[in-house]
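Here is the structure we will look at.
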Amino acid sequence: MIKITLTATVSLLALATPAAAQTAAAAVATAATESGTIPDLVITAQRRQERLQDVPIAVSAFTAADLQTKGIRNALDIGQYVPNLIAQNNTGLGSANAYYLRGLGNVESIPTFDPPVGTYVDDIYLSRQNANNLNLFDVERVEVLRGPQGTLFGKNTTGGAISVILRHPGEQFGGFAEVGYGAYANKLVRGSVDVPLAEHFQIKLSGYYQGNDGYVHDSITNQRLNKDDGWGARLGVHADLSDRVQWNAGFAYIVDNSDNTLNFTCDPVNPTNCNGRFSSTGLSTVGGAANFAALGITGDKANYGNGNRTNTVLLTSNLGITFAPELTVNLITGYVSQRQKYGLDFFDGRSSPSIANPFPKVAGNPRGGFTIVNNGYEDQISQEVKASGKLFDGLVDYVAGFYYLHENNRTDFADIFAGFLVLDDHILRNSTEDKAGYLQSDVNVTSRVKLTAGVRFTNEIKTLAISDNRPRCNAGGGVPANCLNTNNLISATGLTIPTVLTSNVWTPRFAASFKATDTLLLYASATRGFKGGGWNARSSAAALTLPFDPEKVWSYEGGFKSEFLDHHVRFNLTAFWEQVTDLQVISGYADPVTGALTFLTRNFANYRNRGLEAELTVNPVRGLSLYANGGYQNSRYELPANVSAFDKYNVQSVAAQQAACQAQLRLGGVGGTTSAPACANGIVTAQGNISTPTRTPDFTLALGGSYDAPVGRGLALVPSINASFHSKQEVATNNLTLYTGAVSSPIATYLGNPNGGTEITGSLSRAAWVVNAGLALDGPSRKWQLSADCSNCLDEAFYQSDLGNFSYLNAPRTWTVRLRYNF
C-alpha cells in the first residue's frame, strides 16, 4: 500500500553510524549493480557494523534502492515483504501501526500498554504506537529483526524490532526534489538538501507536504474520510569535532492528519452502490458539530470532529568518541514528544452487528455509534552510554552499555455510546522509568567458529493515576464509588488495585555460529525477551482497571545464510520455536444485551509458535533482480495448568470459562448471545473451543522483481512488480464471525448465527494477494526520474482488524505519478 503517512518521525535525526561507512556501502552497492551480483549489505542488528550474511540473527534488510523499487513509502508497507510479519494501522488511527511478528503484537495505543515489536530510529526507541507509521524517504536502510531482541534492544521486543537508519548529511552540496499527484487528488511535494558549512561540518534540510481528499465517502455527512494530510521538516547535523570525536544531532517537527475509520465496499445507505469505499457515520469532520459538551464532556476534546491528528517533536544527539582502535563510546540522547487528538466513531453511527441483529439499521447518529474523543500527551527522554570494541587481540568482540528512559503521559479521553450515553470521561496519568545494563560478547574461537553470550538486566517502574472529569464526580463531599478515580481502584473482591508496578528481569542470549565456507554461515541461538506489564486502562469501570503482568518469551532458532553462483544467488533460512508465558491478551467485545463495548486485558494464557522463514534473492543477469520471501507458522494458546477458577480480582480463568461455555451450549445456548454468555468471549470461541491466535496466518509469501533496462541515450526503463500473500487469519480474539441463517436457543430465535453460512462480518479474514507495480524512466546518470506506480493494483479487500463485530478493511487501490530531480 503506497500510503505516505505523514507521521514521518523517521524524518529526524542524524545517523550515529559513521558517514564513511555509508560511503563505502554505497560504493559496494554500485560495484554490485555494475557486475549484476547481489550487494554486500552492512547492518547494525547487533549494535555494531557487520555484514548481513555474518550476523547469526534472522534479519530482513532493505536498502534505499530496495525501498524505491519495491514501492515501500512508509513503515506500514514493510509488512508486505517480511516473512511472518503482519502490519496494519491501529483500528481508527492512520498514524499508528500495529505489527504482529511471529504472532506477537497488539492494536493498543493507550500508553498503559506496550507494543511487543519495538520501533527504533537511529537507536532511539519510540515507546508509543500512536505515531509510528514512519515516512521512509531519505533513509539509508531499514532492518527488521525477527524474534526477541531483549539483550541489545531491551524490553518490548518479544516479537522483534524494526530499526530505521537514516541517511547522513552529505559532504558535498546536493539533494533531490520531488512532486507527485495521485488517486483521491493526492498531492505530494518533498525534498532534501545537503549543505556542507565547513570541511568537517554538514547539515541536511528535508521537508515534505502531502494532502488528499480521502478514499472514503460518508453518505450521511457527504464528507470525505480517511484522508492522509500533513507536513514535516527535518534538520540533521554531522560534525567531525576531531579525528576521534563525531557528533550527530537532529530535530524534526511533524504534523500528521491520517485516519483509518470504519468503511465498507458497498454503501450502507444504498447497498446496491459498490463502487468505492463508504461510511454512514453522522460524526462530522467539522469540530464542534457533534456538541459533545452538551453531554457533559469536558476539555478541548468536547469540540473534536471526526479525525485523527498527531504532532511529533524529535530531538537526538549522538556523540561518538574513539578512545582506541579497540574502544568506541557513544553517548546517545533522545527526546520524543507526541500530541494526539482524535474523535473517532468505531461503530459507523449505529449499533454494532450481533447474532440477534446482524444487519444494524443505518442511523447516522451525529455523535457516532461508539465514539472515543482523545487528547493525549506523551513525553519521553532517553540516555544511553554504549561501549563497543575488541579485547585480547581480536579474540572477543563486545558491546556493553547502560540505558535510561523516563516517560510521562497524560491522556484525557471519553467514551460515548449510542450518541448519548457517556460511559466515562477521565484523565489518565502514567509514567515509566527504565534502567538497564547490558553486555554481549562474541568469542572468536577460530576464524570460522564464534560463540555469543549476552545478558541485559532491566529495572522497570510504572505508575498510574486516574481522575474523573464528570461533574458528579467533582461535586465535593467525597468521590462517588462509581467514578473513575485513583481512590476507587478497588476490585470486585475488595482488593486495592496497585498503582505502582515494578519489574526486575534478566534477558540473556546465547548463540553459536559456524562459517562452513566463505559463503555459508550456520547458526543457532536461544534468546529471552520480555514486554512490560501495565493496566487495563480502556475499561470504563474502576474495578476493571486491573493490572496485568509482563509477558516473557524464550525463542530458539537455527538456520543458515548462504550465497552461491558467484554471489548471484542469496538464500537464508531460519527455523524458530518460541514459548511465551503470561501472554497479554487484549480483548474488546460487544455486550450481547446492551451492545456496549467491554475491554479486558489479562495474562489469560501462554503461547507457542513455531515455524520457518526463507528469503531468496536472485540476480541472474545484470539489471534483473528477483526475490521470494516466505514464512510458515503454527501457533496456539496454551492454558496454564492448575489455575484457580477465579483469580484474586474475581476474573474467571479461561479453563473455567470454557467449561461454562460448553455447559451452556449443551443446554441449547448459542455462543455470542445471552443464552451462552461465556462463549465468544475473550479467547473462547462461540463453539466452546480455544480460539486461534489473531493475525497469525499459517503462510505469508512475497515475491517480485525489477529490471533496469537501458533504452539508449543514457536512459533506463525500470519496471517492477511485487506481490504479497497471506493465508486466512483471524482478527478478533474470540474468532467470532457472523453468518446468515437463523438459529434458535431456548431463549430466542436469532437472525444470524456464529456457525456457518454466508459470511456477514466478523473475525475471519480470507486469504488475499496484494499486488504493487511500478514503471520508472531514469534520465542520464540518474539525474531525474519520471515514475508511475500503483499499490493494491487489483483492489483486493480483506479484513485487517475487528472491533465489536465491525470489520476494518485494508486500503483500496491507489496510484501515483512522480517526477524527481537529483542534484
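The values are calculated or read from the model by the stated rules, or taken from the named source; none is laboratory data. Because the structure is a prediction, the values reported are computed rather than measured. Every residue, glycine as well, gets a Cβ built from its backbone with ideal geometry; the counts of neighbours run over all protein chains shown. Quick note on the areas: whole protein, heavy atoms, side chains included, nothing else; ligands and nucleic acids left out. Shrake-Rupley method; radii C 1.70, N 1.55, O 1.52, S 1.80 Å.
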(request) State whether the residues of the range 52-59 include one that is at pLDDT below 95 and of a type in the set (S, T, N, Q). (result) no
(request) Within the range 286-295, identify whether any single residue is open to solvent by less than 60 Å² (accessible area, probe 1.4 Å), modelled with pLDDT of 95 or more, under 31 Å from the mean Cα position of the chain (by Cα) and of a type in the set (Val, Ile, Thr), and answer yes or no. (result) no
(request) Find the residue count for the range 767-799, including only residues that are surrounded by 20 or more Cβ atoms within 10 Å (Cβ to Cβ) and farther than 19 Å from GLY71 by Cβ. (result) 1
(request) Could you list, in sequence order, all residues of the range 676-695 that are within 18 Å of LYS728 (Cα to Cα) and outside any loop (DSSP other than H, G, I, E, B)? (result) ILE690
(request) Evaluate the following for ALA233: is it of a type in the set (Gly, Ala, Ser), over 26 Å from the mean Cα position of the chain (by Cα) and open to solvent by 10 Å² or more (accessible area, probe 1.4 Å)? (result) no
(message) Checking the conditions here, which among ALA492, ALA436, ALA465, ALA453 is among the small types (Gly, Ala, Ser), closer than 27 Å to SER540 by Cβ and assigned to a strand (DSSP E or B)?
(response) ALA465
(request) Give the residue that is nearest to ASN603 (Cα to Cα), with candidates limited to residues of the range 664-681 that are surrounded by fewer than 24 Cβ atoms within 10 Å (Cβ to Cβ) and of a type in the set (Gly, Ala, Ser). (result) ALA678
(message) Let me spell it out: the conditions are (1) open to solvent by 30 Å² or more (accessible area, probe 1.4 Å); (2) assigned to a loop (DSSP other than H, G, I, E, B); (3) under 30 Å from LEU423 (Cα atoms), and TYR649 meets all of them except one. Which number is the exception?
(response) (1)
(request) Please work out if LEU188 is within 25 Å of ASP243 (Cα to Cα) and not in a loop (DSSP other than H, G, I, E, B). (result) no
(message) I need every pair where a residue in the range 258-275 that is over 29 Å from GLN210 (Cα atoms) has its Cβ under 8 Å from the Cβ of a residue that is open to solvent by less than 40 Å² (accessible area, probe 1.4 Å) and outside any loop (DSSP other than H, G, I, E, B), sequence separation at least 6 or different chains.
(response) PRO268/PHE278; PRO268/SER279; VAL269/PHE278
(request) Could you tell me which residue of the range 70-117 is farthest from ASP259 (Cα to Cα), considering only residues that are within 11 Å of the chain's Cα centre (by Cα) and β-branched (Val, Ile, Thr)? (result) VAL117
(request) Search the range 120-132 for residues that are without any contact (Cβ under 8 Å) to a residue 40 or more places away in the chain and pair each with any residue that is surrounded by 24 or more Cβ atoms within 10 Å (Cβ to Cβ) and of a type in the set (Ser, Thr, Tyr) when their beta-carbon atoms are under 6 Å apart and the residues are at least 6 apart or on different chains. (result) GLN129/SER109
(request) Select, from ARG128, ARG102, the only residue that is more than 23 Å from PHE62 (Cβ to Cβ) and among the basic types (Lys, Arg). (result) ARG128
(message) Given the criterion of a type in the set (Gly, Ala, Ser) and not in a strand (DSSP E or B), identify the matching residue among SER801, SER807, SER781, SER787.
(response) SER781
(request) Can you tell me which residue among VAL373, VAL399 is modelled with pLDDT of 95 or more, touching a Lys or Arg at 6+ places or on another chain (Cβ under 6 Å), assigned to a strand (DSSP E or B) and buried (at least 22 other Cβ atoms within 10 Å of the Cβ)? (result) VAL373
(request) For the range 619-646, name all the residues that are more than 30 Å from SER706 (Cβ to Cβ) and touching a residue at least 24 places away in the same chain (Cβ under 8 Å). (result) ASN634, SER635, ARG636, TYR637, GLU638, LEU639, PRO640
(request) Only residues that are of a type in the set (Lys, Arg) and open to solvent by less than 20 Å² (accessible area, probe 1.4 Å): list them for the range 383-396, please. (result) LYS386
(request) Residues that are open to solvent by less than 10 Å² (accessible area, probe 1.4 Å): find the strands (runs of 3 or more DSSP E) completely inside the range 89-167 holding 3 or more of those. (result) 92-101, 117-121, 139-146, 160-166
(request) Name the single residue, out of those in the range 402-422 being under 28 Å from GLN49 (Cα atoms) and among the aromatic types (Phe, Trp, Tyr), that is least open to solvent (accessible area, probe 1.4 Å). (result) TYR403
(message) Pairs please, first residue from the range 799-821 and in contact (Cβ under 8 Å) with a residue 24 or more places away in the chain, second anywhere and basic (Lys, Arg) and outside any strand (DSSP E or B), Cβ atoms under 6 Å, 6+ apart in sequence or on different chains.
(response) ALA811/LYS3; PRO812/ARG277
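Yes/no matrix, rows are residues, columns are (1) hydroxyl-bearing (Ser, Thr, Tyr); (2) in contact (Cβ under 8 Å) with a residue 60 or more places away in the chain:
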residue	(1), (2)
ILE683	no, yes
THR694	yes, yes
ALA716	no, yes
ASN722	no, yes
LYS728	no, no
TYR750	yes, yes
PRO754	no, yes
ARG766	no, no
(request) Count, please, the residues in the range 514-568 that happen to be of a type in the set (A, V, I, L, M, F, W, C) and within 30 Å of LEU624 (Cα to Cα). (result) 7
(request) Identify all residues within the range 63-85 that are open to solvent by less than 20 Å² (accessible area, probe 1.4 Å) and in a strand (DSSP E or B); write none if there are none. (result) ASN74, LEU85
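Let's see how each residue does on (1) part of a loop (DSSP other than H, G, I, E, B); (2) within 21 Å of the chain's Cα centre (by Cα); (3) crowded, with 23+ Cβ neighbours inside 10 Å:
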{"site": "SER206", "(1), (2), (3)": "no, no, yes"}
{"site": "GLN210", "(1), (2), (3)": "no, no, yes"}
{"site": "ASP213", "(1), (2), (3)": "yes, no, no"}
{"site": "ILE220", "(1), (2), (3)": "yes, no, no"}
{"site": "VAL237", "(1), (2), (3)": "no, no, no"}
{"site": "ASN248", "(1), (2), (3)": "no, no, yes"}
{"site": "PHE251", "(1), (2), (3)": "no, no, no"}
{"site": "VAL255", "(1), (2), (3)": "no, yes, no"}
{"site": "SER258", "(1), (2), (3)": "no, yes, yes"}
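Residue by residue, here is whether (1) at pLDDT 95 or above; (2) out of contact with any helix residue (DSSP H, G or I) (no Cβ under 9 Å at 6 or more places or on another chain); (3) surrounded by fewer than 17 Cβ atoms within 10 Å (Cβ to Cβ) holds:
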{"residue": "VAL569", "(1), (2), (3)": "yes, yes, no"}
{"residue": "ASN572", "(1), (2), (3)": "yes, no, no"}
{"residue": "GLN579", "(1), (2), (3)": "yes, yes, yes"}
{"residue": "ALA590", "(1), (2), (3)": "no, yes, no"}
{"residue": "LEU597", "(1), (2), (3)": "no, yes, no"}
{"residue": "PHE604", "(1), (2), (3)": "no, no, no"}
{"residue": "ASN609", "(1), (2), (3)": "yes, yes, no"}
{"residue": "GLU613", "(1), (2), (3)": "yes, yes, no"}
(message) Go through the range 455-487 and report how many residues are of a type in the set (A, V, I, L, M, F, W, C) and surrounded by fewer than 13 Cβ atoms within 10 Å (Cβ to Cβ).
(response) 2
(message) Out of everything in the range 739-763 that is hydrophobic (A, V, I, L, M, F, W, C), part of a strand (DSSP E or B) and surrounded by 13 or more Cβ atoms within 10 Å (Cβ to Cβ), what residue ends up being nearest to the chain's Cα centre (by Cα)?
(response) ILE760
(request) Filter the range 423-436 down to residues that are open to solvent by 30 Å² or more (accessible area, probe 1.4 Å) and not hydrophobic (A, V, I, L, M, F, W, C) and give me whichever is farthest from VAL505 (Cα to Cα). (result) ARG429
